[in-house]
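Read the structure below first, then the notes.
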Amino acid sequence: MEGLGAYGGGKAGGSFDPIGFIRRPQVILRAVCWLFSIIIFGCISSQGWIKNPTTKKEECLYNNDSNACNYGVGISVIAFLASMGFLAGEYLFEQMSSVKTRKHYVLGDLGFSGFWSFLFFVGFWYLTRQWGKSETPPNGYGVNNVQAAIAFSFFSIFTWAGCAWFAYQRFRQGADAAFATNFEADSTLPTSYPSYPGGPDMMDQQYQQPPFSAGINQRGSGEFQAPAY
């Protein structure tokens, strides 16, 4: 990807592209997590409780287990807030110029998303088990809501696991992309260069004539003159 920076994000200081931001897989999956969390705590909060005509108290439709309703609402509300926080983090991720700051964000995303995927797995198992022991409410009150909460708890396992997977891919990529060289060899460039003037190629050339000729007072080859005293 052109302009790729540390931990899979764009290089700091670049222009913000809203269309590219919306199309980013991490952003899409995080928005889905945000939507699922709204559905879960909305279903349980609206019709997950019913008033007992005898005791006049609110009872949870999941086998009268208030902990089941509170657990489902609790993890979904925190997931709702966390999804909004991570969406804001995705927006600010491009502006993080420090590699260490990006690393801390990616590790936080990885740890939280993986842990919340596990909590939704526990919630799905817990709500399903308690609903299986429950009696059908009068006139089927809240049945669709409690079943929808179970279904979207199951879906949330995979959406949060997907967020953790993307964070892991970012962590594996690390800061290498920011410093990797993307240069490719240009086939149009010559593979060899001519030697400089006076180089070894020029030394091999032979002169057609000797550079100096013998003068009158110079000795010719093979002649000896005695020195004059």
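Restrict the search to the stretch 82-173; then list the GluC sites (Glu not before Pro) that DSSP places in a loop and that have at most 11 other Cβ atoms within 10 Å of their Cβ. Intermediate values should be presented prior to the final figure.
Numbers: sites: GLU90, GLU94, GLU135; in loops: GLU94, GLU135.
Hits after loop and neighbour filter: GLU135.
I need TRP165, TRP125 ordered by Cβ neighbour count within 10 Å, fewest first. Working shown, then result.
Numbers: TRP165 16, TRP125 13.
By the 10 Å Cβ count, ascending: TRP125, TRP165.
I want to check the label-to-label distance for LEU107 and THR136. Put each point 7 Å from Cα in the C-beta direction and report it in nm to one decimal.
Each label point lies 7 Å from its Cα, and together they span 5.4 nm.
Can you list which of the chymotrypsin sites (Phe, Trp or Tyr not before Pro) found in the stretch 12-80 are DSSP loop residues with at most 15 other C-beta atoms within 10 Å?
Values: sites: PHE16, PHE21, TRP34, PHE36, PHE41, TRP49, TYR62, TYR71, PHE80; in loops: PHE16, TYR62.
Filter output for the stretch 12-80: PHE16.
Laboratory data are not the source of any read-out in this text; all were calculated from the coordinates shown. As the structure is a prediction and not an experimental result, all values here were calculated from the model. Reconstructed Cβ throughout: ideal geometry from the backbone, glycine too, with neighbour counts over all protein chains shown.
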